[in-house]
Amino acid sequence: MQKPVGSLFAPYDPQYDPVTDEGPGINRDYAPTYWIGTAGTPPADDGPIQGDVDCDVAIIGSGYTGLSAAIHLAREHGIKATVLEANRVAWGCSTRNGGQAQISSGRLKRSQWIERWGIDVARRMHAEIAEAFDLFRDLVKDIDCEAQDGGHLYIAHKPSVMPALEKESALLNDTFGYASRILSRDEVHADFVADREAAGAMYEPDGMGIHAAKLAFGYHKLARSLGAKIHTASPVQSWETRGGVHHLHTPGGTVRARAVGLATAGYTSPDLNKLTRHRLMPILSNSVVTRPLSDAEIEACGFKARFPLTDTRTLRHYYRFMPDGRFQIGSRSAITGRDAPNAKHLDVLIDGMKRKFPALDGVQLDYSWWGWVDVSHDMMPRIFQPDREQSIFYAMGYGGNGVMYSAQAGRRMAQMIAGSGKEPDLPIFTSPLPHHGLLTPFRRLGQRMMYRWYQFNDEKR
Ligand SMILES: Cc1cc2nc3c(=O)[nH]c(=O)nc-3n(C[C@H](O)[C@H](O)[C@H](O)COP(=O)(O)OP(=O)(O)OC[C@H]3O[C@@H](n4cnc5c(N)ncnc54)[C@H](O)[C@@H]3O)c2cc1C
């Protein structure tokens, strides 16, 4: 069994692929993100597991979800969890994202919730997401993570999507009592951002930009201050359950736990546990951050909005003007880990940036990275106990919208683990992540075909 070496980190593997690789590695270094480059030294942790350990609750994964679960287990239930992380603290998506907190959880819009579940469930789901944003704001206010609060603009990338956007905004206002607002192209350009593609936009009052790694490190420090142990370089490599006790085998020893919370998102290895096997489609998203922009460039791009922006493409762009004067933009990337470093994916992203902001043509990119987003088959997350006979719980499947909702998902998983019965009666808490079924061997072929179709639809006028 491979062991971590002293205090050195194993190199970051840009081609890591959760579908084909055995696991996320052992003690690997961070992806070269803007967040890691500017967050300062990561906070102290409890080091690798050394010897066998007994605990009430083990959480696997130290991203936002796992850390929030540890925070809320301690705060609301008096349980000091043991968090196991394969690599460094918050090594996965939680130090790689775009830092955009939005009033959503999975990929579905409110109108799609109604189609799927009917109006009553959709209204309760909206209340859950609104409560989640309150929790998120409350956590963020005590963490120095460069929060840029002020809303979110959902930007129509072509005129033909405006009627659907207007309909969604009316639904938000009339059915959910949520004060969204439709803006014309001129209003977007005058008051928010001179995105050349913008045909108009929907403004949502809830939206916040954050520094992804500073937020993760803030959660980490809070969890430890409440008594949680966070063990890095401690991948769970195998797992057996005997007499109701989970034996989680890591390179340094076995953790024996009465209950286990899985917070491994897009980095969940198929072999970790059969209850999560083939239930997520990890999808690559890439992101770049430019050098600090000049005043003339900022003026030309009309960057007045200091909060998250996304466009209406299915293969959407997410972007924002950062507190230090840089510009960040991300979108979808390669299908496989092996193809991720291929320059053509970066070229597609740069082309998207240029179409929106011609003044940024040729601008130097100081950071470029990618990570695996946890997309579920029905585009909504689950916080769930898949088998009542087993004290195993999971919280995952946010589909690229986990920055905000992972705080509440971790809290809900903590409530389930503690058996508090506080979680509302909603499908995301009462049903499992759908399984790939017979499509498992063909999922990447399917993804390739879907990307072509989405791209065709996104770009046709
Ligand atoms: C490029 C990119 C941009 C994104 N932008 C946004 C955005 O702007 N807004 C938004 O809302 N969302 C965004 N997301 C998604 C968001 O980052 C995630 O939803 C969120 O970070 C999920 O957090 P998590 O804690 O559930 O998982 P992660 O942060 O991925 O953490 C999972 C952890 O589990 C660990 N792990 C896995 N297996 C094991 C094991 N066997 N043993 C021990 N540890 C293990 C991994 O090492 C990893 O650290 C983006 C994602 C990417 C990749």
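Any read-out appearing in this document is the output of simple, stated calculations on the displayed coordinates, not a laboratory observation. Not measured: the values here are computed from a predicted model. Ideal geometry is used to build each Cβ from the backbone, glycine not excepted, and the neighbour counts take in all protein chains shown.
Amide H contacts for Ile230 (H built 1.01 Å from N in the peptide plane; partners 5 or more residues away or on another chain; cut-off under 5 Å): Asp46, Val83. Projected over every direction and averaged, the convex hull enclosing the alpha-carbon atoms of the stretch 64-196 yields 11.1 nm². The packing ranking of peptides 247-255, 304-312, 437-445, 133-141, highest mean first, is 304-312, 247-255, 133-141, 437-445, where packing means the average number of other beta carbon atoms within 10 angstrom of each residue. Per-residue ellipticity at 222 nm from helix content only, as computed over the chain with -39500 (n - 2.57) for each DSSP H run of at least four residues, stands at -9500 deg cm²/dmol.
Against the main long axis of the alpha-carbon atoms of the chain, helix 119-140 sits at an angle near 80°. Look at Ser331, Ser105 and count the other Cβ atoms within 10 Å of each Cβ; fewest to most, that gives Ser331, Ser105.
Please give the length that would be gained between Ser184 and Asp56 if that part of the chain were fully extended, namely 0.36 nm times their separation in residues minus their C-alpha to C-alpha distance (nm, one decimal).
40.6 nm
Arranged from fewest to most other beta-carbon atoms within 10 Å of their beta carbon, Thr264, Thr290 become Thr290, Thr264.
Computed from the Cβ-Cβ distance with R0 of 35 Å, the FRET efficiency linking Arg448 to Lys158 stands at 0.90. Each residue of the stretch 325-338 is assigned a 3J(HN,Hα), and the resulting list reads x, 8, 10, 10, 8, x, 6, 6, 10, 5, 8, 10, x, 4 Hz, derived from the Karplus form 6.51 cos²θ - 1.76 cosθ + 1.60 (θ = phi - 60°), x at Gly and Pro. Measure up Lys158/Lys354; Lys214/Lys356; Lys214/Lys274 against 27 Å on the Cα-Cα distance and list the ones that go over. Distance filter (> 27 Å) returns Lys214/Lys356; Lys214/Lys274. Given H placed on each backbone N at 1.01 Å, which residues far from Asp366 in sequence or on other chains put an amide H within less than 5 Å of it? Answer set, sorted by chain and number: Val289, Thr290, Arg291. Length gained on full extension, Asp138 to Leu438: 103.7 nm, using 0.36 nm per residue less the C-alpha separation. Each of Leu8, Leu153, Leu222 has some number of other Cβ atoms within 10 Å of its Cβ, and from fewest to most they run Leu8, Leu222, Leu153.
Each residue, Thr20 and Ala127, gets one label point 7 Å from its Cα in the Cβ direction; the gap between the two is 4.8 nm. Inter-part distance, the stretch 338-354 to the stretch 74-151, computed on C-alpha centroids, equals 28 Å.
Taking 0.36 nm per residue of sequence separation and removing the Cα-Cα distance, the Asp271/Arg116 pair yields an extension gain of 52.7 nm. Looking at the square roots a ≥ b ≥ c of the eigenvalues of the Cα gyration tensor of the chain, which shape do they give, rounded for a/c under 1.5, prolate if a/b is larger than b/c, or oblate? Note, shape of the chain comes out prolate. Angle of helix 212-225 to the longest C-alpha principal axis of the chain, folded into 0 to 90 degrees and rounded to 10: 30°.
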